[in-house]
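Please treat every number below as a calculation from the coordinates, not as lab data. As the structure is a prediction and not an experimental result, all values here were calculated from the model. Cβ sites come from the backbone with ideal geometry, for glycine too, and all protein chains shown count toward neighbours.
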Amino acid sequence: MKFLLSWIREFVPAALPLDELARRLTSAGLPVETMEPLPGGDALLDLEVFPNRPDCMNVYGVAREIAAAAGETLRPYPGSLREDPSAPSAADRAHVTIEEPALCRRYDARVVLGVRVAPSPAWMADRLAAIGLRPLNNVVDATNYVLWEYGHPLHAFDLATLAGAEIRVRRAARGERLVTLDGVERALDEDTLVIADARRAVALAGIMGGHGTMVTSSTRDLLIESAHFDPVSVRRTAKRLGLSTDASYRFERGADLEATSVALDRVASILRESAGGAVARGRIGQRGAPAPVRRLTLRPRRASVLIGIPLDQRAVTGALSPLGFKVEQEADDLQIEVPSHRSDVEREVDLIEEVARRIGYDAVPGRLPAIAGAGGIDRPGHARLERAVRALRAAGYSEAVTFSFTSAPADAGLGAGRPGGEEAEPVLLSNPIAADQECLRTTLLAGLLDSLARNVNRGVRDVRLFEAARTFRRASRPESFTAAAGRDAGGAPVEERLTLALAVTGAARPRHWLDAPREAGLWDLKGAVESALAEAGCAVSAEPAPGTEAFEDGATAWILVGGRRAGRLGALTRAWCQRLGLKQEALAAEIDLAIAFAGPERLPSYTPIPRHPAVARDLSLVVPAGRSYAELERAVRDAAAGLAVRVEAVDRYAGPELPRGAAGLTLRVTFRHPERTLASEEVNQAQETIVEALARGFGVSLRR
Amino acid sequence: MPIDNPLGELEKLREECLRRLAAARAAGGPAAIQEVRHDVLGRSRGRLTAFLKNLKEIPAEHRPLAGARANQIKQELESALAAAEAEASAAAASSARLDVTLPGVPAAPGTVHPLTIIRMEVEAIFLEMGYRVEDGPEAESDYLNFTALNIPADHPARDMQDTFYLQGGGLLRTHTSPVQIRTMLKTSPPLKIICPGRAYRRDASDATHSPIFHQVEGLAVDERIGLADLKGTLLEMSRRLFGERVRVRLRPSYFPFVEPGAEFDVSCFVCDGRGCRTCKRSGWIEMGGAGMVHPAVFEEVGYDAERWTGFAFGFGLDRLAMVRFDIDDIRLLFENDLRLLEQFRGGA
């Protein structure tokens, strides 16, 4: 909000050097965003005025704060008018009725006769222009001038256009229409408070005047409105119509009820001088009950606790008095009368903030609170996830952070056929920023693969990324609990799941002169997933998963944790890679950690190091088509009756001399007896049993 | 085998031997030297060995002289062979020397995102001060995001944050402050918690704004907690983040759920407050909002607002990461360009 220093100086000397003035304003709670020196010692200040301080949204209010902060005296506001006893009576010229006293507590008006509408005098036009307003004419500018000077919104009607010379403050009828000053025709309803004449609505109360009753070059007589409107009513109407004005901004934040007559008299005296009008005798209008005087108790000891420095009655009184608070002692406490312009001060703590502000936050020392308690991390799955991340980093995966929004088609394509057969219903935004960000992600993969593709497209062709973050889906049962105040404190009907995703493309490992380069494939990705989950204490296995639009059929696996499907990994289809603009192969994996971490965690424990030697034997096998490694390994262990302590696939081979679809597989089986050294006949015996079992059960033969 | 001229044979053997050794040395091959040794001094078939073995067949008059000379030559050849062998093995060692300046096989671990590095740093600071690290949902109800935080419906303070609303109800939290309410609803005071997390505001994206950003929320509640405790806590955190020399400044501000309310700044750790690019010449880095918990918030969660007081604060992790790592555009944090990410090797 912009303020001219010369305008402020009409009310307070503001003699401090500019940067000191800015420092004091900032530490008083009116942050100076910019400060632009102008010719003649003037300056344009841009202040941030918080929404709880409507009293500072005008020159006089800022002057009041400066007076307090600089220890200077605030001049009284020139808000009284000497009336001409010979002037006609306003009551004879117009009439005001409030039909909605709950929404309009006060309507003051004056009649000004015989104005000559013309450009404003330079001093007024220049000031308005300096703070960014467009001067219109000497009448409209005068109402704006007083709004910016004193903070109270005003409106000037062309009296001749008001049917019946009458003002009625009423709700609009459904279907009633009004063309506002900006030329837009607006449809009104019963929730809209309007100013009407005898026939029709002529203004949106507290927001904007009507086109049909506005001041024009032919206007002679004026009715000036200075009223008080209900903040919520003004806010709702302004929101509904998408119309925010200087007036509605102030009424929404709480205007000063006692300011209506002051602002009205000030504008009338300006009009008399700058537009040549004759001010009719008397204010007309209607008033509800006066605002009750707000009296609050302030306990200095309470202020001492909240601020953290000892404060007595004198210190508190000295802090509050310059801001217009009337302070009286009452035993150990203080009785405070709140000035009408401070609509934000409603309870003791509001006064304590005033005290803190006036003392200055800089005067508050720092100390550490002595609250007992041990630190700890309560995030679900935290420790297990940290370990998984460590393993992923060791496997060369770097952490990515992507947006929670995504496009619904990409999300659906990558999420389709997710593990467990459960479909996740996506949660859509009501007001997305962009059409391709309309959906809360049900999978991390859309964002992660975009990041992968962006790297490749920028020339970084070897990419390994992971992300651990939340995915979202419509909750089957919204969370619900009750707040202490008895209100329903339920959360949003959305379920959030901690999810882990990996994406990889390009070389399996950084190029090195010792090794032949190799592209990353399913085994690299699977190994990373297995290590990460094992590190997190999960018992991992895999089984074939069907292909989808995104995942290649025949190169996709379910990831099982404790036998339960918790995720999926696989190669992306060529079509999906094309969609990402990728010419090279890419693979991805995603694990629902809510499932993976649901089961018991496998914790490390010690088994004595075996004292008896082990014997390793390699079995070169020809495995017919359709047999999985997992079933062979199980058969080997079963056949060896506990003697096979380890089974490894040490070589895999496919060649033309093998039967169609068959693969050569070398298993290294390590035999050991827990209590004695195995004789070589025993090992031979076990090996034979294994070979027989594989031949019988799976048609596996030894390779010659 | 009759030997006519044993001494002449001996001298011939010696000369031949030395000649072959010289040739082998010139060729530099340890194998050739080995061959000479084998031929001359080999235990079974060495010619000099055989000569010495057969000494008794030499006529008695020549025997003492031949024996002495043979042993003399043996010693001479032994030392010549040893020298040649040492030379050869030294040469071999020198040719097997590795070029240790070649790069090793990298373990090439992945990196942690700068936002995570900063988050973990902040968590470590507060864990050490005995804070619990809490968590809460990103999709929230209007009640927990606004109303319970003293921002009722139709309150102008709602304009301070543009909100994403969800079809089917709820919204994306505009700050991490709902976790204050969630924590207080399930915990009795005294307490001290932080909650790092993601928040959302419907801002247009530019170098300093992102519709998705990250905050750390802090809350401490006890009897007789005051603004001084807030200031001391923020100072402690800032010193650990930026170094012992930094100062903390509180400025009056307005957030409906705290009163007195403040914004907090840290003196610039780059220029020590003199003004530089990092602090936009102001000497101060704006960190976030803070204040004393508003009694209306305590009343909402059923705490006795007369007995308990507390402070709360919140600041942006993205901004902190940008300032600390000199990243000039917030959008870089969400692009995941490996050329950025890999600069954070060893960061955590």
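Some notes on this structure:
- Chain B - share of DSSP beta bridges that are antiparallel (%, nearest 5): 95
- Mean-position separation - Cα centroids, segment A:255-320 and segment B:108-167, in angstrom: 38
- Sorted peptide list for A:465-474, A:87-96, criterion being average Cβ within 10 angstrom, highest first: A:465-474, A:87-96
- Among beta bridges that DSSP assigns inside chain A, antiparallel share in %, nearest 5: 95
- Between the Cα long axis of helix B:6-27 and the first principal axis of chain B there is an angle of about 30°, rounded to the nearest 10.
- Only Cα sites of chain A enter the Debye sum here, all with the same form factor; the resulting log10 I(q)/I(0) across q = 0.10, 0.11 1/Å is -1.04, -1.15, listed in q order.
- Partner lysines for A:K526 [C-alpha distance under 24 Å; skip if fewer than 8 residues away on the same chain]: A:K583
- With a simple spin-label model that places each label point 7 Å from the Cα along the Cα-to-Cβ direction, the separation between A:A91 and B:Q167 comes to 6.2 nm.
- Between the helical axis of B:227-242 and the longest alpha-carbon principal axis of chain B there is an angle of about 20 degrees.
- Relative contact order of segment A:637-704, taken over Cα pairs closer than 8 Å and 6 or more residues apart, is 31 percent.
- Restricting the GluC sites (Glu not before Pro) of segment A:605-691 to loop positions (DSSP other than H, G, I, E, B) with no more than 16 neighbouring Cβ atoms within 10 Å leaves A:E657, A:E675.
- Scattering profile of segment A:274-343 at q = 0.14, 0.22, 0.26 Å⁻¹ [log10 I(q)/I(0), Debye over alpha-carbon scatterers]: -0.58, -0.98, -1.17
- Span from the segment B:2-47 Cα centroid across to the segment A:569-620 one, whole angstrom: 65
- Number of partner chain Cβ atoms within 10 Å, mean per residue of B:260-266: 4
- Average partner coverage of B:176-187, which counts Cβ from other chains inside 10 Å: 1
- Local electrostatic count at A:T406 - Lys and Arg +1, Asp and Glu -1, tallied over other residues with Cβ under 11 Å: -3
- Using the Cβ-Cβ distance between A:S620 and B:K186 with R0 set to 51 Å, the FRET efficiency works out to roughly 0.25.
- Remark: segment A:534-626 carries a charge dipole of roughly 180 debye about the Cα centre, counting +1 on each Lys and Arg Cβ and -1 on each Asp and Glu Cβ.
- At R0 = 30 Å, FRET efficiency that the Cβ-Cβ distance of A:A363 and B:R281 yields, to 0.05: 0.70
- Segment B:221-288 and segment A:669-691 have their alpha-carbon centroids 71 Å apart.
- Relative contact order (%) - criterion: Cα under 8 Å, at least six apart; region: chain A: 9
- Isolated cysteines in chain B, defined as those with no second cysteine Cβ under 4.7 Å, comprise B:C17, B:C195.
- Here the Kirkwood formula, the inverse mean of 1/r across different C-alpha pairs, assigns segment A:116-229 a hydrodynamic radius of 14.7 Å.
- Extension gain for B:D326 to B:E11 (0.36 nm times residue separation, less C-alpha to C-alpha distance): 104.9 nm.
- Straight Cα distances below 21 angstrom link B:K53 to the lysines B:K12, B:K74, with same-chain residues fewer than 8 positions distant left out.
- For chain B, radius of gyration divided by Kirkwood radius, i.e. Rg to Rh on alpha-carbons: 1.60
- A simple spin-label model places pseudo-atoms 7 Å from Cα toward Cβ; at A:A641 and A:D42 they are separated by 10.6 nm.
- The chymotrypsin sites (Phe, Trp or Tyr not before Pro) of segment A:109-160 include none that DSSP puts in a loop with a beta carbon having at most 15 other beta carbons within 10 Å.
- Convex hull volume of the C-alpha atoms in segment A:502-643, normalised per residue: 192 Å³.
- For segment A:372-509, the fraction of alpha-carbon pairs in successive 10 Å shells from zero, as %: 11, 31, 33, 18, 6, 1
- In segment A:306-373, the trypsin sites (Lys or Arg not before Pro) that fall in loop regions by DSSP, at most 11 other Cβ within 10 Å: none
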